[in-house]
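Before any comments, here is the structure.
Throughout, read-outs are computed from the coordinates displayed, never taken from laboratory work. These numbers were taken from a predicted model, which means no experiment stands behind them. With ideal geometry, Cβ positions are generated from the backbone for all residues, glycine too; neighbour counts draw on all protein chains shown.
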Amino acid sequence: MAGSSSSSQDIFDVRKIRRLVELMKEHDLNEIDLRQDDMRIQLRRGISVAGGMYPQVTVQSPQPAPASPQPAAAPSAKAAAAEEGEDNYVVITCPMVGTFYSASDPEAAPFVKVGDHVGPETTVCIVEAMKVFNEIPAEVSGKIVAVLGKNGEPVEFGQPLFKVDPQG
């Protein structure tokens, strides 16, 4: 279909996401899970950060399937090669501008800490953007060797948040 590429972007329009959040509140819904072609958006209420309950947004885009199994060292869209001298580390970077949270609420344990092993689907932190709390997946397998984000601090797009040893 000729218009399918533009229509798959429709579900990620910020105005539509805001309207979905309003509908969740209006109808007291706890979760909305939408799929369109290979795109998916999932909104869940119940994430408590700084004393309030807020919707959480998880956005997944299609990942090309590898032709053969590869080591987890291949960085994804959010993970890039680290500084010189640490070539074996992968850096998980921030996918958006917002506020970094290492845990789901101030009383909870952090999602990950140095020494923890993560997989591609492991949530490593939350980034709040426009009152929406976005779970950030590792998108790489390995051992956390450094937590670079500071809880409650502003973060920028592309800012390094974690270092991961893919052989760890």
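Restricting the range 82-168 to trypsin sites (Lys or Arg not before Pro) that sit in a DSSP loop and have at most 12 other Cβ atoms within 10 Å of their own Cβ leaves K113, K131, K150.
For the range 27-38, 3J(HN,Hα) computed residue by residue from phi via the Karplus equation (6.51, -1.76, 1.60; θ = phi - 60°) reads 9, 6, 8, 9, 8, 10, 10, 10, 10, 9, 6, 9 Hz, glycine and proline entered as x. Loop-located GluC sites (Glu not before Pro) across the range 108-139 with a Cβ neighbour count of 13 or fewer within 10 Å are E121, with loop assigned by DSSP.
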